[in-house]
Structures are given as structure tokens and as C-alpha cells.
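Each remark here refers to the structure printed beneath this line.
The values are calculated or read from the model by the stated rules, or taken from the named source; none is laboratory data. From a predicted model like this one, the values you see are computed outputs, not experimental measurements. Glycine also receives a Cβ, built like all others from the backbone with ideal geometry; neighbour counts cover every protein chain displayed.
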Amino acid sequence: MADQKNANDSMTKNQFREYILPVIIFCVISAVIGVLLAGVNSLTAPVIAERQKAEAAALMRELMPDTTDLEVLDLTEAQTTVLQESRLTPIDYYVATLKDNDKGYAMILEVPGYGDNIRLLVAARPAEKADDGFVLCGIRILAHSETPELGSKITNPNFYEQFNGVRLNQRLVLSGQDKAAGDVKTIDAIVSATVSSRAVVTAVQAAVDVFNLEKAR
């Protein structure tokens with residue numbers, strides 16, 4: 001009986017060492033790694049966010065050189081609805097104080113593209129001609145995962161500079177794809193990259209709608 005008990009105890013210990021102990025060690029190591037990663041993320045996330053904001057501010061000042069101050073704005077319920085209806089994610093929304101106390105607007109947002117989300121900056125300011133009201137002073141693609149040599153051409157000035165000077169009372173349409181009545185601005189799509197082109201047009205139009213709601217406040 002004693003020999004049988006010793007044999008059973010030995011088998012139990014072997015099973016513990018072979019099957020249970022490795023699982024415990026793995027769980028402990030995973031927990032420690034998780035805590036370390038969370039700690040690293042909590043330290044680096046604010047730094048990354050500040051760097052991204054600084055880069056965005058530099059871009060906005062490039063598009064609106066006479067900017068004297070930038071202020072983060074909260075979206076209204078109506079503005080949020082506009083973005084949600086187009087499946088867009090707002091990142092940051094700014095009002096820029098320009099010389100002569102004019103106001104400009106800028107938004108960083110993400111839109112689903114062909115590969116992954118496309119992040120872009122859209123900016124608008126008063127036109128040089130008062131009759132034109134507000135116009136887009138530029139857009140910039142900040143990040144994307146579009147197909148190289150196809151959708152990636154959204155970063156080509158030949159594409160994104162088409163938006164320069166578009167009045168906020170115009171509707172954006174994609175060449176050969178959309179139909180709209182009234183005052184429209186047709187954007188030439190990138191050949192073989194209609195999805196990427198449409199994503200940018202959708203995002204810019206939504207930003208324009210947000211700016212128009214801001215002006216009406």
C-alpha cells in the first residue's frame with residue numbers, strides 16, 4: 001500500500017511539473033508582460049499624441065500661414081451626426097485665429113479606405129474675394145495603408161491640390177461616379193483607385209459640412 005501511495009504521489013508530482021507548472025509560469029509571465037506593456041504605453045501615448053498634435057499644428061500653419069492662435073473645438077451633436085452618417089472618425093477639430101481676427105477651421109479625421117483607415121487634415125479659411133465666402137485652403141493625407149502606386153497616389157499633389165480653393169457652398173463629386181445638381185466641384189479620381197479617391201472626397205465633403213455648421217452657430 002505504501003509503495004502504491006508513493007507511486008501515485010510521484011505520478012502526481014510529475015504531472016504537476018509536466019502539465020500544470022508550465023501553464024502557471026506562462027500565465028505569470030504573460031501577466032508581467034501585460035503590466036509592463038501597459039506601463040510603457042501609458043508613458044509613450046501622451047508623448048506620441050503631443051507629437052502628432054505638433055505635426056498637425058505645423059501643417060495647419062503651412063496651409064494658413066497667418067495663423068496666430070489655435071484652439072481645440074468640441075463638435076456639436078449635429079456635426080457629430082454628419083460624420084457618423086459617413087462612417088468617419090473625428091480626431092481633432094480646431095478653430096484658427098487669423099490676422100485681422102478672421103477665423104479658419106481645420107479638422108483631422110479618419111475615413112475607411114481600400115486598405116485601412118485614411119487619416120487626413122482638411123482646412124478652410126475666408127476667401128480673398130469676399131463674395132466667395134469660405135474656401136478650402138488645402139488638405140493633407142497624414143496616414144494611409146492604400147495600395148502602392150494605386151491608392152497611395154492620394155498623397156500626390158496632382159490629386160489633393162484639386163481641393164484647393166473649393167468654396168464651402170459647392171458640393172464635391174467624383175468624376176464619372178457621382179451626379180449632383182447645382183454648384184459642384186468635380187474631383188478627378190485616381191485611375192484604378194476609385195475606392196481610395198471616393199474615401200477622400202467623402203471625408204472632405206463631410207468636413208466641409210461640419211465647417212458650414214460651425215459658421216451657422
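Summary table
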{"quantity": "Residues of the range 121-143 satisfying the condition of being without any contact (Cβ under 8 Å) to a residue 40 or more places away in the chain and either outside any helix (DSSP H, G or I) or surrounded by 19 or more Cβ atoms within 10 Å (Cβ to Cβ) (or both)", "calculated": "P126, E128, K129, G133, V135, A143"}
{"quantity": "Top-ranked residue of the range 86-143 - restricted to ones that are polar (S, T, N, Q) and closer than 15 Å to V210 by Cβ, ranked as farthest from the chain's Cα centre (by Cα)", "calculated": "S86"}
{"quantity": "Among residues of the range 175-194, those that are of a type in the set (A, V, I, L, M, F, W, C), closer than 21 Å to H144 by Cβ and either surrounded by fewer than 18 Cβ atoms within 10 Å (Cβ to Cβ) or not assigned by TED's automatic domain parsing to the domain that holds I141 (or both), counted", "calculated": "1"}
